[in-house]
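Okay, structure first, notes after.
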Amino acid sequence: MSAFKVALLAIAAFIVCSVHAQKGPTISFISPNVISDIGGEVELTCTIANANEYPLLWVRLGNGEERNFPISHGQNLFLKTSQKFKLDSDDAAGTYTLKIKNIQPSDDATYQCQLVTTTKDMITADVKLQVKTPPVILTGEEGSTRHVRVAAGERAELSCKSAGFPSPRITWSREDMHVLPSGRDSETSLRFVIQKAKMEDRGNYVCTADNSVGKPDSKVVTLDVEFPPSIEVPRPRIPQAYGYEAKLVCKIEAFPPPSIFWRKDNESEAIATQGNYQISHFASQDDVTTSTLTISGVDEDQFGEYACEASNRHGSASEKMELYESRIPICPPVCGDYNLNGGEAKKCSALLSLVVAVMIAFLYGN
């Protein structure tokens with residue numbers, strides 16, 4: 001080999017050695033992100049190169065107002081008595097492994113391997129630890145809706161927000177086990193929407209969050225649908241004898257609860273509880289009210305047409321019934337609750353007539 005070639009090889013070797021000698025410190029490996037169950041244990045590894053003389057730190061980064069928490073420096077833990085952290089190091093390989101035991105939700109954070117090169121500079125690499133946590137449905141201003149009220153025909157939106165990892169799946173169903181307005185037993189979505197709410201859509205809806213970690217969490221969201229009154233009259237014609245008690249009844253379905261009035265013969269002034277008039281209301285549900293007008297002793301002027309009226313902010317309704325005079329007293333405790341306009345009423349009246357006739361014959365026959 002010529003002296004020239006030997007000189008070139010020597011120069012090349014010198015350049016390679018110089019480049020290698022000038023190569024700076026680096027982090028050559030960091031563990032990938034890791035997921036752990038509560039109570040589990042994880043290992044986070046950081047490997048450095050060309051950095052034997054530089055300090056290496058493990059730090060848990062803070063979230064929001066929480067500060068960064070330094071865990072180790074080189075081969076040493078900052079908290080000597082800590083049972084949660086353990087550090088294994090291999091100086092020759094430049095490997096530093098941080099072990100975290102008995103994982104809790106508070107350990108969910110980003111852990112950073114820091115290689116400090118100067119007083120102002122450092123090289124960093126991050127690994128995120130995510131902890132599986134059971135689902136929790138959030139409440140409060142930023143959480144799930146608890147009560148939704150709309151008018152019939154309006155759009156109703158029920159929302160359910162949850163926390164947990166992995167992200168919980170939200171399922172909606174009805175508390176009374178009836179099908180949803182869509183006709184399905186359940187639906188999966190963060191928001192449950194009814195485009196045009198109807199009377200039959202009102203009720204309690206159950207929001208269930210589940211991510212297969214621990215037990216599912218559930219909350220009830222109440223949907224109120226407002227609608228105008230409708231009135232049902234069980235007995236449109238009510239017979240009663242002069243001087244006996246009569247009861248006029250109407251069943252009103254409305255939400256919000258309506259104002260209820262009774263009127264006679266289209267009079268402008270509503271009937272009030274006074275004299276032998278007594279008005280009572282009984283709410284069997286939030287949207288169903290039974291109103292009863294009791295006349296303790298019917299006089300001649302009180303036979304006629306009566307109207308049961310109901311109104312709320314969505315509308316009004318009115319149904320009429322007739323109180324007419326019968327020759328004999330109508331006595332539900334004796335006759336039973338018959339349809340007074342049907343065949344059973346005729347049987348009852350015939351029976352009463354027979355009883356009265358027998359009593360008269362017995363009294364005057366003696």
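Data overview
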quantity	calculated
Residue within segment 233-252 that is free of Cβ contacts under 8 Å to residues at least 12 places away in the same chain and of a type in the set (S, T, N, Q) present	no
Contacts under 6 angstrom Cβ, first residue in segment 177-203 being over 28 Å from P229 (Cβ atoms), partner of a type in the set (D, E), 6 or more apart	R191/E157
In segment 31-79, residue farthest from N102 (Cα to Cα) [restricted to those that are part of a loop (DSSP other than H, G, I, E, B) and of a type in the set (A, V, I, L, M, F, W, C)]	A51
Criterion violated by L77 - all others in (1) under 19 Å from G39 (Cα atoms); (2) modelled with pLDDT under 95 satisfied	(1)
Search result, residues across segment 88-102 that are surrounded by fewer than 12 Cβ atoms within 10 Å (Cβ to Cβ) and either under 47 Å from the mean Cα position of the chain (by Cα) or not assigned by TED's automatic domain parsing to the domain that holds D126 (or both)	N102
Test: E141 is part of a loop (DSSP other than H, G, I, E, B), more than 17 Å from V206 (Cα to Cα) and either modelled with pLDDT under 95 or within 14 Å of the chain's Cα centre (by Cα) (or both)	yes
Subset of segment 35-87 that is free of Cβ contacts under 8 Å to residues at least 12 places away in the same chain and more than 27 Å from G164 (Cα to Cα) - its residue that is surrounded by the most Cβ atoms within 10 Å (Cβ to Cβ)	L77
Qualifying positions in segment 160-176 - under 30 Å from G315 (Cβ atoms) and modelled with pLDDT of 95 or more	R174, E175
Selected residue (criterion: nearest to the chain's Cα centre (by Cα)) from residues of segment 205-223 that are surrounded by fewer than 16 Cβ atoms within 10 Å (Cβ to Cβ) and among the hydroxyl-bearing types (S, T, Y)	T222
Where V127 falls short, out of the listed (1) farther than 30 Å from A51 by Cα; (2) buried (at least 18 other Cβ atoms within 10 Å of the Cβ); (3) in contact (Cβ under 8 Å) with a residue 60 or more places away in the chain	(1)
Which listed residue is farther than 19 Å from L323 by Cα and among the small types (G, A, S), from A246, A283, A241, A270	A283
Test result for I48, in the same structural domain as D126 (by TED's automatic domain parsing), among the β-branched types (V, I, T) and touching a Ser or Thr at 6+ places or on another chain (Cβ under 9 Å)	yes
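The values are calculated or read from the model by the stated rules, or taken from the named source; none is laboratory data. Quantities reported herein were computed from a predicted structural model and do not represent experimental measurements. Ideal geometry is used to build each Cβ from the backbone, glycine not excepted, and the neighbour counts take in all protein chains shown.
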